[in-house]
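The values are calculated or read from the model by the stated rules, or taken from the named source; none is laboratory data. Predicted model only: the values in this text are computed from it and were never measured. Cβ placement follows ideal geometry from the backbone for every residue including glycine, while neighbour counts extend to all protein chains displayed.
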């Protein structure tokens, strides 16, 4: 049995189904990361000055990195996303930067 097949038979439909699931999970991760950054920005205004500054310095800490180096994720990016990693998408990065500066918000 190989990584994508059942009983050794390669299954294109199974791979597409896996890619679609990964795609949905990535969208969930992006949404949750947006909320984390927004809440960190928002909360920094209520903390004592030093603590608020420290939160802003670490506003992007501990985000992403959950398996993005794994072979199946690299295959998803390569085949399903035409080599464009959705976690490194310019629009997503711009959105995150705006959130970190308080120029955008997200629904909580």
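Residue by residue, here is whether (1) at pLDDT below 90; (2) within 14 Å of the chain's Cα centre (by Cα); (3) part of a loop (DSSP other than H, G, I, E, B); (4) at negative phi holds:
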{"residue": "62", "(1), (2), (3), (4)": "yes, yes, yes, no"}
{"residue": "84", "(1), (2), (3), (4)": "no, yes, yes, yes"}
{"residue": "95", "(1), (2), (3), (4)": "no, yes, no, yes"}
{"residue": "103", "(1), (2), (3), (4)": "no, no, yes, yes"}
Could you list, in sequence order, all residues of region 52-69 that are surrounded by 12 or more Cβ atoms within 10 Å (Cβ to Cβ) and more than 21 Å from residue 98 (Cα to Cα)?
68
